[in-house]
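What follows is a short report on a single structure.
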C-alpha cells in the first residue's frame, strides 16, 4: 500500500482523536506527564500551522494584511487571511515562551504521532515541486493549484478544531492532579476568538471543492512491487506515466521509437481489457465498443509513428517497463485462452478489472503527454521522414519536399502535412479517452499554469 | 492481394544480396507488409501481427544502428496495399518467405564474420526475427 496525502492526514486525524480520548479517560499520573502532554499539544499545533502555511501562501497573506492595516477592519472573507490570523493568535509555537513546556524526547503520545504524520504529508506534497516551486511530476499541477490547496485546508481546519477543543479536557485532567490554576491558565489561555476563526476557516475552505483533489496524491517516487501481478501492473503503469511526463519536458530525448513503444502498449492494454470483458474483438472496424475502438486508434498511431527517423535511441527504462507490462497483461488477461473466468463476482475479479481499467486510463493520459512530446519534437526539426514514404497530397501541397524527392534526397525534415497526420491520430485517441484527463485546471487558473512543452497550435502553423 | 504481394516479394528476394543491405531490405519489406496486413484485419489477429511487425522493425533498427549507412543505400520496397479480400494463408506465406530469406542471409553473415560483437548482433536479430516468424506462422494455421 502506497500512502497518499489523504491517508496521512486521515491517520493524523485518528491519532488526534485517540490522544484526546486518552487525556479524557486516563488523565495524568503526575505533574510531569501533564507538562509533557501540554508540550505534545503545542507540537501538534505547530505541525498544523506549518502545514497550513505550506498550503496557503503566507507571503501573499502578509502583503494583503499590510495593505489592509489602515482599514482596521479584519477581513473574514479571505481564507488565507483567516488561516494566517488563526495561527498568529497562538503566538510563538516553535520557540515558545518559558512557561509553555516541551515534551521529553522519549514521551509517547498519539499527538506526537499525529504531528509526525502531518509533517510527512507536507513532505509528500513537497516531493512534487522543485526548490523554486517548479513542477517535478505530472501531479505537480494539482499540488500547485490554489483551489485544490484551499480545499485541502477544510480537513486541516477540522483537525485544528478537534485539537483546540482538547484544552478543556487537559484542563480538567490537570485539576485532578492539583496543578495550580494559574499554571493551567498560562498553559491554556482562553481562545474563544481563535475558535471562531477555525470555524470560519472550515466554512471558507468548504467553498473550494470537497478537498478530494489532493487526497489521492502519492509521493513522487515510483517503486515497483513485484509479488502480485495486479499490483505490479499498477506500479509499472504509474512509473510509465511519470516517464512520459518527463518526456514531455521542454527538452525531449529526440526518440520517436519510445513514443512508438508506448503506443504499442496502449493498444495492448485496451485489447486485453476488451478481452477480459469478453468483448468481440474479431469484428471488422469500426467497432461499437470504446475499448476496441481505442485499441484500433493506438494501433494506427503505432504504425504511423514507425515511418519517422529520429536521432534518439529508445529509452531503455521505458522499454523495460513496457515489456514487463505486456507480460503482465498476458498473465492477467490472456488473448487466446480463458484465464480466470472474469464473470465471477468476487474481490479478485474486481481487483483485476480495476487494474486493467486503471492501466487504460493511464495510457489515455500518456497519449496526451506524448502528443505534446511529439509536437515538441516536430518543432525541433529533428525528426525526418524518408522521401520514398511521401506521396500524393503531402507532396502536392509542399513544393520544397516534392523538389527534394525529385532530386533524389533520401530523407527530409518531416513536412507539416505529415506531422499533422500523426497529430490527428493522437487527437483521435484523445477523443476516445477524453474522460480520463489527469488534471484539467479550472478555467480561472488555466492562465497561471502553462506547461512548458504544451503544443500551441498557433505557434506551430507553417513550421515543420 | 496475395498475387501482387508475392510478385513484389519475389522481386525483393531476387535483388537483394547476401549482406547487411539485403537483410535490411528483407526486414523492411516484411515489416511494412505485416503492418499493412495488421491494419486490414480484425483486432484479434491484427494485434498479434502488429506485435510481430514491431519485432521485425526492432530487428531492422538494430541493423541500422550497427550499420548507419545501410538504410541510405539498401533497397526499400513496400509491397503495397492488399485488396479487399484477404487470403490469410497466402499473404502470411509471403511474409514468412521474406523472413526465411532474411534468416539465410543472417546465418551466412554470422558464420562469415570473425568479430564477436557482430556475431552477437546477428544472433540477437535472428532471435527477434524468429519470434516474429513463429507468431506469423501461428496465425496462418
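The values are calculated or read from the model by the stated rules, or taken from the named source; none is laboratory data. No experiment lies behind these values; they were computed from the predicted model shown. When we count neighbours, we look across all protein chains shown, and the Cβ atoms used for this are built from the backbone with ideal geometry, even at glycine.
A single entry from A:310, A:293, A:248, A:244 fulfils the requirement of being away from every other protein chain (no Cβ under 14 Å) and over 19 Å from residue A:355 (Cβ atoms): A:248.
Residue-wise test of (1) more than 30 Å from residue A:322 (Cβ to Cβ); (2) crowded, with 21+ Cβ neighbours inside 10 Å; (3) out of contact with any strand residue (DSSP E or B) (no Cβ under 9 Å at 6 or more places or on another chain).
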| residue | (1), (2), (3) |
| --- | --- |
| B:4 | yes, no, yes |
| B:13 | yes, no, yes |
| B:35 | no, yes, yes |
| B:42 | no, no, yes |
| B:54 | no, yes, yes |
| B:67 | no, no, yes |
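For region A:260-289, filtering for residues that are within 13 Å of chain B (Cβ to nearest Cβ) and not in a loop (DSSP other than H, G, I, E, B) leaves 16.
With the requirement that a residue be in a loop (DSSP other than H, G, I, E, B), more than 14 Å from every other protein chain (Cβ to nearest Cβ) and surrounded by fewer than 20 Cβ atoms within 10 Å (Cβ to Cβ), what does region A:374-397 give you? Selection gives A:380, A:381, A:382, A:397. All of (1) more than 29 Å from residue A:312 (Cβ to Cβ); (2) at pLDDT 85 or above; (3) within 10 Å of chain A (Cβ to nearest Cβ) hold for residue B:47 with one exception: (1). In this entry, residue A:325 passes the filter for residues that are within 19 Å of residue A:352 (Cα to Cα) and either surrounded by 19 or more Cβ atoms within 10 Å (Cβ to Cβ) or more than 11 Å from chain B (Cβ to nearest Cβ) (or both).
For the criterion of being over 26 Å from residue B:39 (Cα atoms), surrounded by 19 or more Cβ atoms within 10 Å (Cβ to Cβ) and either at pLDDT below 85 or within 14 Å of another protein chain (Cβ to nearest Cβ) (or both), residue A:213 passes. In region A:398-408, the qualifying residues are those that are surrounded by fewer than 18 Cβ atoms within 10 Å (Cβ to Cβ) and assigned to a loop (DSSP other than H, G, I, E, B), and the one that is farthest from the other protein chains (Cβ to nearest Cβ) is A:407. Residue A:206 is checked against (1) under 23 Å from the mean Cα position of the chain (by Cα); (2) within 13 Å of residue A:48 (Cβ to Cβ); (3) surrounded by fewer than 19 Cβ atoms within 10 Å (Cβ to Cβ) and fails just one. What number does that condition carry? The one condition residue A:206 does not meet is (2). For region A:278-324, a tally of residues being in contact with a helix residue (DSSP H, G or I) (Cβ under 7 Å, 6 or more places away or on another chain) and over 28 Å from residue A:411 (Cβ atoms) returns 17.
Just one residue in the set A:194, A:218 is in contact with a strand residue (DSSP E or B) (Cβ under 7 Å, 6 or more places away or on another chain), surrounded by 14 or more Cβ atoms within 10 Å (Cβ to Cβ) and either more than 14 Å from every other protein chain (Cβ to nearest Cβ) or within 21 Å of residue A:425 (Cα to Cα) (or both); that residue is A:218.
Which of the residues belonging to region B:55-71 are without any contact (Cβ under 8 Å) to a residue 12 or more places away in the chain and either within 16 Å of residue B:17 (Cβ to Cβ) or in a loop (DSSP other than H, G, I, E, B) (or both)? Scanning region B:55-71 gives B:68, B:69.
Would a scan of region A:417-429 turn up a residue that is outside any helix (DSSP H, G or I) and either more than 14 Å from chain B (Cβ to nearest Cβ) or at pLDDT 85 or above (or both)? Within region A:417-429, not a single residue is outside any helix (DSSP H, G or I) and either more than 14 Å from chain B (Cβ to nearest Cβ) or at pLDDT 85 or above (or both).
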